[in-house]
Each structure stands twice: as C-alpha cells, then as structure tokens.
Amino acid sequence: MGEDAESTKINHTFLRDYVTEADVISTVEFNQTGDLLATGDKGGRVVIFQRETESKGESEEVEETGDSGEYNVYSTFQSHEPDFDYLKSLEIEEKINKIRWLPQQNAAHFLLSTNDKTIKLWKVSERDKRPEGYNLKDEEGRLKDTSTITSLQVPVLKPTDLMVEVRPRRVFSNGHTYHVNSISVNSDGETYMSADDLRINMWHLGITDRSFNIVDIKPANMEDLTEVITAAEFHPHHCHLFVYSSSKGTLRLCDMRASALCDRHTKLFEEPEDPGSRSFFSEIISSVSDVKFSHSGRYLLTRDYLTAKVWDLNMDKGPVETYQVHEYLRSKLCSLYENDCIFDKFECVWNSSDSVIMTGAYNSFFRMFDRETGRGVTLEAWRESSKPRAVLRTRRVYNGGKRRRGDVGVDSLDFTKKILHMAWHPSENIIAIAATNNLYIFQDRVSPETQLQ
C-alpha cells in the first residue's frame, strides 16, 4: 500500500507537530462518492478534504503509477462550541462524536455533525460567480438615489475567486438526556436516527423541534440498569430496519413496521459465553464499540475490545466469522484496566466489496482481514512512512516463540498511540486513518486480497 502524497502536507502544515487535546481527531467519514472526506476533532472543528481531479497529462501518469487524485483541505469550520447544562451543572464538550454525509441531491453537499447533545445539519456549497450591474446599488453595494437612475440594466454574473461556504441549516437539540454516541442517515433520504446510552430517536431532516423515540431501554429504577446502547445504524437498503449494539455484547435488529416503539427486537444476535473462560473483565471486553452493516446489507460487522466479528442476518445463534485483533493483550487486561485503555472504543469498516474488513489497534497499528482466506495483516501508520508513494510495511507483535527481526514486543507497545477512527473509500481502495492529531490517507496499488496472501 502506498500513501497518498497529500498526507505529508497534512501532517506537517495543517496538523501541528505537538498534540493538544483539541487537535485529536474523533471521527472520520467519506461522502457517498468518496470525493470528500470529513474529520471532526475534540475541539469541535470539522475539516473537509476534497479529492483533486487530474488533468489529461496527470491521468496518464495515474494509469502508470496506480495513484489517483490527492486530498487537499477544502473547508474548515467550527461546528460545536463548549456548552453548559445549568439544570444538571454539567459541562457539554464540543468534541465531534460523529459525522454523517447525506446523499447528494444537487450541487451542494449536506452533512450531520453531533457532539454529546446537539446535532447540526450543515450545507457546504461553492460560489465562483457574483452578480454585477444592480440598478439600485452602486459598485460598493450602497443604495443609489432613485432620482439619479435614468436607465435600467439587466444584472449579470461575473466570474470570481472560488469561495466555499458552510452554513448551518438545522439545529436538532433537546432530544437526548444522555450522551449521543451514534447518528445514522436512513436510506429514504428524509430521516435519520440518533442514539444515546439509553434511547434512540428518529428525526425528520426538516423538523427540528420534535423527534420520535423508537427505542427506550431506561428502567423504572436506574439501579436495575444492566446494559447501555453503544452504537446504532440503519440498514443500507431497507428504511424500516435498523440495528443497535449493547455493552453486553448483544445486537438487536429492529423492524419499525412491527411497532412504533421498537422495545421488542425482531432478532437478537448473541454469542454464547463459555463459563470456563469468564473473568472479572469478561463483560467489559465483550462490549460492542461499533457496528456496521455491509454494503450488501446481509452482514453485520462488530468490534469489541479484542475481536472483530461478522454476523449473518439470517443466523442469530452466533457470529459466522471471528477475527482476533490483538489477542496478545488478554494477559495484560489488568494493567489495561488500571490505565483505562480497556474502555477504548475501536471502530471497524468494510471495503467496497465487503471482502476485507479493517479495524484499529495500539502502537499506531491497524489490522486488515481477508474474509475469503481468514488471514490478517498488521500495518502501521507513522510519520516515517508519510512520504509520497511510500510503501507501508507489515508489522508483527512478538508474544513468545521465535522472534523475527523487526518484531515489536507486547511490553514495548505504546498504548497512547491508538487507532480508533478510520474510513474506507466507498468504491476504491483508499483508506483514511486517524492517529491522534494526524490524518493518514493511504492508497492500495494492488487489491487488498493480494496484500493479505
């Protein structure tokens, strides 16, 4: 895999060398075409990158090298500001939890961004022309004296420098008591849902003052609470189906045709627990941190602390595939609990053909698994490989047995360098990896299936 040439520029100019909490990237998302890539950070900022189109001469070079257009900064704006809940005396962080693009309907782009409480709809548009020749205004925009107007003219549009405008179109607030962890746009293009720890709400994109509660797992007595909602997503093709995951490691598929309030699930996906392997950490490491429908809509991909699992919607007795992401950490769970790393929430993504899955790990490592062969590869996102057309090298974590040159020992892993957020281009082998305050964009010159052999 070779890295996109723009990554060097991103790392050394736009993203600073020192890490402040506000600069840490908290979400990454491609739009439906893959031409735009949005990132959100803990400082409440959203940065949009645009893929540059190649000229005729460059397109011939692309065919020879296998590289395609670079991603450059397109627009940056402040999405959320820190707020304060006076009723609960709690600070509301400006951190962007999720970004989701809406299907493009016209020349403008729309995206949803959310922090813990408030969801906002943004319009991103371009302007490269400006009107001139007003009858009632002069060149500086001041109103003319109507008595001096002796003739009328038709205003014309004149070319001007390209301007990217980002404007808030809707603000969806007061819908959640607890922290929002997921937003998902419905395939009908008119509605979306937002999930917090105990409830899932459904919104219409044109209505901001009310939402419909479709899942509520809050018990009458909070002392009876045994699980929380960790993630939720709509089915990519059927607007009435959605899934949500829980801290107990279960998945619930719900059908809104059956009931307006989906407290009763249509299917429950759960893996039977081995009583012999149960420990103090069992429930913590089984909590699902992310769930994603495959592009085909038939499979579900989930991530818990140690594994990534693929579930078939037609088989609810257990996962059809289980991939060990970093099994070597099982013996380190006690120290990971003490430093709170055991509560890290890793994301997972599919490639465009649903044949390869990807998820993150520690030490700036991320993992890819070929579903056909079951084989995985460990890759590293680091500064030294951020040169244009550099090749990513595979890494291996040493955990006993014969040690090879270049292996990294388990005790040498840097748990502060964690890959939590990532995205895969919807149709090409281009991935975006967020590593603390750095954004890496890699392009695969050969198919992932070949890389994983």
* Scan of the range 237-269 for residues that are charged (D, E, K, R) and either open to solvent by less than 20 Å² (accessible area, probe 1.4 Å) or in a loop (DSSP other than H, G, I, E, B) (or both), ordered by number -> LYS248, ARG257, ASP263, ARG264
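Results for (1) within 30 Å of LYS317 (Cβ to Cβ); (2) within 23 Å of the chain's Cα centre (by Cα); (3) in contact (Cβ under 8 Å) with a residue 60 or more places away in the chain, shown as yes or no for each residue.
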position	(1), (2), (3)
ASN186	yes, yes, no
TYR192	no, yes, yes
ASP209	no, no, no
ALA220	no, no, no
LEU225	yes, no, no
ALA231	yes, yes, yes
PRO236	yes, yes, yes
CYS239	yes, yes, no
LEU251	yes, yes, yes
* Among all residue pairs at least 6 apart or on different chains, which show Cβ distances below 8 Å where the first residue, located in the range 395-418, is part of a loop (DSSP other than H, G, I, E, B) and the second is open to solvent by 60 Å² or more (accessible area, probe 1.4 Å) and at pLDDT 90 or above? -> PHE415/ASN339
* Those residues of the range 76-101 which are in contact with a strand residue (DSSP E or B) (Cβ under 6 Å, 6 or more places away or on another chain) and surrounded by 19 or more Cβ atoms within 10 Å (Cβ to Cβ), in sequence order -> SER79, LYS95, ILE96, ASN97, LYS98, ILE99, ARG100, TRP101
* To do: Could you tell me which of the residues SER364, SER352 is over 27 Å from ASP23 (Cα atoms) and either under 21 Å from the mean Cα position of the chain (by Cα) or surrounded by 14 or more Cβ atoms within 10 Å (Cβ to Cβ) (or both)?
  => SER352
* Asked: Taking into account only those residues within the range 167-223 that are of a type in the set (Lys, Arg) and within 26 Å of ILE48 (Cα to Cα), which is least open to solvent (accessible area, probe 1.4 Å)?
  -> ARG170
* Asked: Can you tell me how many residues in the range 299-316 are open to solvent by 40 Å² or more (accessible area, probe 1.4 Å) and in contact (Cβ under 8 Å) with a residue 40 or more places away in the chain?
  -> 2
* Structure fact -> Scanning the range 161-186 residue by residue, the ones that are within 14 Å of THR118 (Cα to Cα) and not polar (S, T, N, Q) total 11
* Unmet criterion (only one of (1) more than 25 Å from ASP411 (Cα to Cα); (2) of a type in the set (Gly, Ala, Ser); (3) open to solvent by 60 Å² or more (accessible area, probe 1.4 Å); (4) more than 20 Å from the chain's Cα centre (by Cα)) for SER331 -> (1)
* Asked: Among the residues of the range 258-298, how many are β-branched (Val, Ile, Thr), in contact (Cβ under 8 Å) with a residue 40 or more places away in the chain and over 16 Å from ILE342 (Cβ atoms)?
  -> 1
* Asked: Any chance the range 225-236 includes a residue that's among the aliphatic types (A, V, I, L, M) and not in a strand (DSSP E or B)?
  -> yes
* Asked: When you look at SER125, is it open to solvent by less than 40 Å² (accessible area, probe 1.4 Å), farther than 24 Å from ASP161 by Cβ and part of a strand (DSSP E or B), yes or no?
  -> no
* **Only one of VAL288, VAL320 that is crowded, with 16+ Cβ neighbours inside 10 Å and either of a type in the set (A, V, I, L, M, F, W, C) or at negative phi (or both)** => VAL288
* To do: Would you check which residues across the range 392-418 are among the small types (Gly, Ala, Ser), over 24 Å from ILE433 (Cα atoms) and open to solvent by 50 Å² or more (accessible area, probe 1.4 Å) and list them?
  => GLY401
* Asked: Residues of the range 306-328 being of a type in the set (D, E, K, R), at pLDDT 95 or above and over 20 Å from the mean Cα position of the chain (by Cα), which ones?
  -> ASP312, GLU321
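The values are calculated or read from the model by the stated rules, or taken from the named source; none is laboratory data. Since the model is a prediction, treat every value here as computed from it, not as a measurement. Here Cβ is always computed from backbone atoms with ideal geometry, including for glycine, and neighbour counts include all displayed protein chains. For accessibility, only protein heavy atoms count, side chains too; no ligands or nucleic acids. Shrake-Rupley method; radii C 1.70, N 1.55, O 1.52, S 1.80 Å.
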